[in-house]
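> The structure that follows is given in the form of structure tokens.
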Amino acid sequence: MKAVLLAGGLGTRLREETEFKPKPMVEVGGRPIIWHIMKNIAMHNIGEFVVATGYKSEVIKDYFLDYEARNNDFTVSLGEKHAIEFHDAHDEGDWRVTLAFTGELTMTGGRVKRIEKYLGGERFLCTYGDGLADVDISALLDFHKSHGKLATVTTVQPSSRFGIMDVNSGGEVKSFKEKPKLDGWINIGFFIFEPEVLSYLDTECVLEQEPLAKLAKDGQLMAFRHEGFWQPMDTYRESTMLNEMWNDGSAPWKTWS
């Protein structure tokens with residue numbers, strides 16, 4: 001099964017970092033956030049990736065083109081054509097990564113549709129390239145297989161941004177909850193799609209709007225409830241927080257050794 005990573009957005013709310021690079025290339029612990037996502041996916045025996053690029057696509061392409069030199073020791077025989085010997089020192093040697101430019105301003109569903117030719121008519125994982133989670137992808141896949149529908153979306157219960165007070169009619173505070181869980185569930189990506197889902201898409205659509213709504217209307221969308229860690233990286237503050245978690249050894253999304 002292949003994993004599709006949506007990596008083409010503009011990242012306008014993280015302008016401090018994304019003026020010169022796409023958001024999936026913003027670093028956490030010295031590595032692009034997209035690398036962290038791929039490492040977690042690879043822990044579940046998925047080593048084929050299709051990265052749907054857009055804004056500053058060349059930065060992502062250059063990173064993977066230079067991956068061996070960036071992450072290995074190597075010996076160069078000067079003056080000889082193609083005489084570079086890499087000394088294997090990284091754990092990503094079995095990854096196969098397809099970089100596909102899907103347009104500067106293409107929406108999420110359009111990006112998936114535009115890489116259809118790389119999917120081989122098979123079931124695939126699809127997620128965003130700018131958020132970290134410790135989703136158990138093997139359990140997600142088992143859940144998807146169990147219900148027999150075309151699509152599964154991973155969801156979490158978000159916490160309130162603010163503490164909540166229970167105040168009676170006289171103004172007395174009866175209780176206080178610091179940023180409690182809200183009642184609803186939100187989409188965090190980590191979709192499992194059957195190939196038939198591609199017929200719900202066109203090259204200009206927003207995945208989270210009409211396609212998912214139609215799948216739900218047709219009774220073909222199920223939700224996998226994730227109770228663990230999830231954190232998007234939409235702002236500089238969130239980027240700083242994720243780096244602090246990595247640096248102090250408390251990164252819950254790090255499922256690899």
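Computed from the coordinates by the stated procedures, all read-outs in this text should not be read as laboratory data. Quick caveat: nothing in here was measured; it's all calculated off a predicted structure. Methodologically, a virtual Cβ is constructed for each residue, glycine included, from the backbone with ideal geometry; neighbour enumeration extends over all protein chains shown.
> Which residues in the stretch 53-95 have a backbone N closer than 20 Å to a point placed 7 Å from the Cα of E27 along the Cα-to-Cβ line?
56-74, 89-92
> How would you rank H87, H147, H226, going from fewest to most other Cβ atoms within 10 Å of each one's own Cβ? Mind showing how you got there, number by number?
Values: H87 8, H147 12, H226 20.
Lowest to highest Cβ neighbour count: H87, H147, H226.
> Can I ask one more? Among M165, M222, M107, M43, what is the fewest-to-most ranking by other Cβ atoms within 10 Å?
With the fewest neighbours first, M165, M222, M107, M43 line up as M165, M43, M222, M107.
> Sticking with this structure for a sec: Mind giving me the FRET efficiency for D248 and D88? R0 is 25 Å, r the Cβ-Cβ distance, nearest 0.05 is fine. Can you show the working numbers first?
Values: r = 30 Å, r/R0 = 1.21.
That pair, D248 with D88, gives E of 0.25.
> Filter K149/K254; K214/K254; K21/K217; K21/K149; K113/K254; K113/K177 down to the pairs with a C-alpha to C-alpha distance above 32 Å, please.
On the way: K149/K254 30 Å; K214/K254 35 Å; K21/K217 38 Å; K21/K149 37 Å; K113/K254 30 Å; K113/K177 43 Å.
Distance filter (> 32 Å) returns K214/K254; K21/K217; K21/K149; K113/K177.
> What is the percent of Cα-Cα separations in the chain that go past 34 Å?
On the way: 7622 of 32896 pairs.
Counting every Cα pair in the chain, those more than 34 Å apart make up 23 percent.
> Starting with the fewest neighbours, write out C126, C205 ranked by other beta-carbon atoms found within 10 Å of each beta-carbon.
Numbers: C126 25, C205 19.
Ascending Cβ contact count within 10 Å gives the list C205, C126.
> Starting from the Cα of A223, move 7 Å in the Cα-to-Cβ direction to define the label point; list residues of the stretch 124-156 whose amide nitrogen is under 14 Å from there.
152-156
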